[in-house]
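> One structure, pasted below without further comment.
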Amino acid sequence: SDPVRLAQYEAPNWLVEDVHLTFRLHPTATRVTSRIRFRPNPDSADRGFRLDGEDLKLLSASIDGRAVEPRIDAEGLSVDAPNDAFIWECEVEIDPKANTRLEGLYMSKGMYCTQCEAEGFRRITFYPDRPDVMAPFTVRIESDQPVMLSNGNPTASGDGWAEWHDPWPKPAYLFALVAGELRATSTTHRTSEGRDATLNVWVRPGDEDRTGYALDALKRSMEWDERVYGRAYDLEVFNLVAVDDFNMGAMENKGLNIFNSKYVLASPETATDRDYELIEGIVAHEYFHNWTGNRITCRDWFQLCLKEGLTVFRDKQFSGDVRGHAVKRIDDVLMLRARQFREDAGPLAHPVRPEEYVEINNFYTATVYEKGAEVIGMLRTLAGPEAYDRALTLYFDRHDGDAATIEDFFACFQEVTGNALTGFERWWSQAGTPRVTAVTHWSGDVLTLTLRQSTPATPGQPQKGPVWIPLATGVLSPDGKEVAPTQVLTLKTSEATFRLEGGIWRPSDGPAADPLPASVEPAPILSLNRGFSAPVILDRKVTDAERLILLAHDTDPFNRWEAGRQVAKEQLLRALDGGALDPAWFDALGRLVSDDSLEPAFRALALGLPSEDDIAQSLHDAGRTPDPARIHAIREDVLQGLAEAQAPLFRALVDALVTHGPYSPDAEAAGRRALRLRALDMLSRLDGGDAAAEVFATADNMTESLSALAILIRRGTGEAESGTFFTRWYDDPNTLDKWFSTVIGNAAPDEAVAVARRLTALPEFDPKTPNRFRSAVGALSANTAAFHHASGEGYRFLADWLIVLDPINPQTAARMTTAFETWRRYDGDRQGMMTDQLRRILATGPSRDVTEIATRLLGD
Ligand code: B3K
Ligand code: ZN
């Protein structure tokens, strides 16, 4: 298919005044009638009339009451329209039960539900399915299902029918409908504007006791958005529904959020601390879309980051407020590097605002979401928090009800800052992770810092220009005292020099002064990019000794963690080259981890070593070829060495951090469990897993039982526990998913593919359910050493299943094909095996979704 291009945007010919829909639900033959009032768009001269529609059986159509016979093709219909406003009516038939793509109207365990973003509404009826066409919707549902929901407020209902009206104009991608046997847990919220809203979390009968946390998170999100952004909810009811079959996390349909049940249902016995955290974050994210996404939507799909980057930034602010900013930032950066930096470094690299796509669903990426959020964060850093608040208020006031662009959003910042940000825009258009080199020079009393930036070429963008890089910078004395507090140095050009004088950094024109004789004082220590103020890769020569001082003393908790991370990475790289580990590292780590003045969650993060994937990328960046098997083995050796060096500490932590009393998912308690479970992993390297087996046997919560199971499987001794877990959770889909992913994801490199083949042959494995598919097949591709096994069996396993999944669910298949994105890092044999699998997939004539990803991956 031909790509859609940003440069070719054209305003719609026709706008929609209002929409009336009637659904007569039937599992295999649902009838949808639509009555749509169209009016000419004054901004368009073209009066051609075309509606999007896919896989629809058209039963009848009329214009102003007169039957018409539209020309129908694979993507929609066209018909001669009047010159002025008219009413379009039609009736179509669709088959929700046959809809395994899970786009449009489909069935999940006997319940009807919808997913319309990005282009699912066209599978429900003929419509101008584009985000810049907004209209109020009135919906009537007829069915024998006890609960029938749509967007907006309920207006009337009776036996076998219900009517809903959504007064807020919205694009079709925010339409939703749910019907089924559902139970609600409810509360009310009085908004800051004095309106009452009923909040309902709807689940299948039997799941009601797992809804409390999501409902509470929803209420807290509403309060937060009122307090922090001055945005209140705007309907009488807010419905949130959990479904088991869902392509992604959740969907922000106006007044009717639909969630993957994995991100709603939680009880201590079934949900981990991480699940609770994700539920809170995703509930907040979808709710925040009510303003950033729904009240103000996107003009076209190229502007996706306008709603996603901004909403991710907002949900991160919320989670930071709730759970602590330092730990949240470290978690976010770990994710950013693991997913977005990896994407940016490979064949799928694209700008935060892409300029063309074949299948828009392929652009719901880490770059659009996570880098998009980083860009908002940098704007806030550069403009300052007050100007940020004023710019956002201006944006909400000016664009409420609009389908907006990045330019509209950025103009609000320009206006409140007096055009101070001109030049920042490149962050939206340029792909690739910038690299910043930093060279310091110490004269004995003046410190100069020269920063240089460059961004490597990415597909379609061989030449790069400079971006604005705000680096929050502090300075420590050689004995670890802060001598200059955090100041943001902004690198706007390819190179700039700053001088520190009297504790203040100033741009220094001209080259740095000639080196002076070194003073008796050793040079101060720089703490650069504090809080990860810019999403860049820093390239800088720092001695281990300096890093250990930062690890022990930096006042910025992020950089304290980062110093430890960098030391760990260098130690691992040294070990890979056969070098010995520095005992000072184990000691420093031990001191940090045993420091009771630090939050346990922070200490747990400090104990985490860079992942195998991370090490592979670092080697590749250094111009070397990673060997996944060796990386796995060496990393395990280093962990063993650490466990032996600090054995008493880990024993003590496992004993001291036992939580007493009932389980609570709060951040403090979760942090204690995280540290204890890291220590337990270390201990298992010394006691053969005895302590972990004990934890598994006695745990009263899923966090501990699942971690203990993972540890035992990594030690190769979890056979019995795995059986126990399976039997106990056999009937609980979300929990059984955890079993699939834990058993496959932690299996030894030589065994994992065989394990994965065995588990995917079980009757419990159903590729039609995305959660199950991701839990099993996705766990293998995330098990780095197993996926990249020299036999090529990991690659073959993934490709085999993608070929099965694609005809069922192309969106999820395409998403999972991206596991091959790192192929260029590896040796010729592995490259050949990976590209062979991609070509094998392409030879099956896959969906547009998978074709686009596989083709871009191959780069030919
Ligand atoms: N907006 C949805 C994602 C839709 C994905 C479509 N392929 C969820 C979210 O970002 O909040
Ligand atoms: Zn979103």
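We did not get these values from a lab; they are worked out from the coordinates using the rules stated. What you see is a predicted model, and the numbers here were worked out from it, not measured in a lab. Neighbour counts are summed over all protein chains in view; Cβ atoms, including those assigned to glycine, are modelled from backbone coordinates with ideal geometry.
> Can you give the % of DSSP beta bridges in the chain that are antiparallel, to the nearest 5?
In the chain, approximately 80 percent of DSSP beta bridges are antiparallel ones.
> Oh, and also: What length, rounded to one decimal in nm, is gained on full extension from Arg190 through to Asp479, with 0.36 nm per residue of separation minus their alpha-carbon distance?
98.7 nm
> Something else: Counting only C-alpha contacts under 8 Å and six or more residues apart, can you give the relative contact order of the chain as a whole percent?
8
> Let me ask something else about it. Run down the lysines and flag those whose C-alpha is under 30 Å from the C-alpha of Lys254, throwing out any fewer than 8 positions away in its chain.
By straight Cα distance, Lys254 reaches Lys57, Lys97, Lys109, Lys170, Lys219, Lys262, Lys307, Lys316, Lys328, Lys371, Lys768.
> Putting +1 on Lys and Arg Cβ atoms and -1 on Asp and Glu Cβ atoms, find which of Tyr369, Ser221, Thr437 reaches farthest to the positive end of the dipole of the chain.
Thr437
> What is the spin-label model distance, in nm, from Ala843 to Arg757 if the labels are put 7 Å beyond Cα along the C-beta direction?
Taking the two extended label points, one gets 1.9 nm.
> Now for a different question. Toward the positive end of the charge dipole of the chain, about the Cα centre and with charges on Cβ (Lys, Arg +1; Asp, Glu -1), which of Leu394, Pro524, Gly590 goes farthest?
Result: Pro524, furthest along the dipole toward the positive end.
> About the Cα centre of the stretch 735-784, how large is the charge dipole given +1 on each Lys and Arg Cβ and -1 on each Asp and Glu Cβ? Please answer in debye to the nearest 20.
Dipole about the Cα centre, nearest 20: 140 debye.
> For a quick check: with amide H placed at 1.01 Å from N, whose amide H comes under 5 Å from Ala250's, ignoring anything fewer than 5 positions away on the same chain?
For Ala250, the qualifying residues are Asn260.
> Determine the sum of side-chain charges near Asp80: Lys and Arg each +1, Asp and Glu each -1, restricted to other residues whose C-beta is under 13 angstrom from that of Asp80.
+2
> Tell me, what is the FRET efficiency for Thr422 and Ala720 to the nearest 0.05, using R0 = 56 angstrom and their Cβ-Cβ distance as r?
0.30
> So, one more: Give me the angle, in degrees from 0 to 90, between the Cα long axis of helix 702-714 and the longest principal axis of the Cα atoms of the chain, rounded to the nearest 10.
Approximately 60 degrees, to the nearest ten.
> For the chain, find the longest principal axis of its Cα atoms and tell me its angle to the long axis of helix 212-229, 0 to 90°, nearest 10.
80
> Continuing with the same structure: Work out the length of the dipole vector of the stretch 12-178 about its Cα centre, built from +1 on the beta-carbon of each Lys and Arg and -1 on the beta-carbon of each Asp and Glu, and round it to the nearest 20 debye.
240
> Enumerate the aspartates and glutamates that Lys492 could reach by cross-link, defined here as Cα to Cα under 15 Å, with residues fewer than 8 away along the same chain left out.
Result set, ordered by chain and number: Glu425, Asp509.
> Of the beta bridges DSSP finds with both residues in the stretch 1-150, what % are antiparallel, to the nearest 5?
So the antiparallel bridges in the stretch 1-150 amount to around 85 percent.
> Excluding Arg37 itself, what net charge comes from residues whose Cβ is under 15 Å from its Cβ, given Lys and Arg +1 and Asp and Glu -1?
Net charge in that neighbourhood comes out at -3.
> On a 0 to 90 degree scale, rounded to 10, what angle separates helix 793-805 from the longest Cα axis of the chain?
Roughly 20 degrees, rounded to the nearest 10.
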